[in-house]
Amino acid sequence: EEDRDWRGGGGNAGYNVTCSSDDDRYRTCAWNASNGRPVLIEQLSRAACIEGRTWGYDRREGLWVDRGCRGRFGTR
């Protein structure tokens, strides 16, 4: 689920993606690689979103979440 908010300034400052691990399952979400690596902006789940454990980014796979992590990811 891609969301653009241009109030954040120039370029792709407002680019963010919400990615959800439904039923605690591993899931990948589309991430536009031209924005660089994603960072967790906001954790939306009770389950912890920990980079490298319950979420991460791989250039081939894209943005991924696991073990119930649901978060909004954006650019630095």
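The values are calculated or read from the model by the stated rules, or taken from the named source; none is laboratory data. Everything numeric in this text was worked out from a predicted model, so none of it was measured. Because the Cβ atoms are built from the backbone with ideal geometry, glycine has one as well, and the counts that use them run over all protein chains shown. Just so you know, the surface numbers come from the protein's heavy atoms only, side chains and all, with ligands and any DNA or RNA stripped out. Shrake-Rupley method; radii C 1.70, N 1.55, O 1.52, S 1.80 Å.
What to note about this one:
- Heavy-atom surface of the stretch 13-76, accessible at 1.4 Å and reported per residue (Å²): 60
- FRET efficiency, 1/(1 + (r/R0)^6) with R0 30 Å, evaluated for R25 and R59 via beta carbons: 0.85
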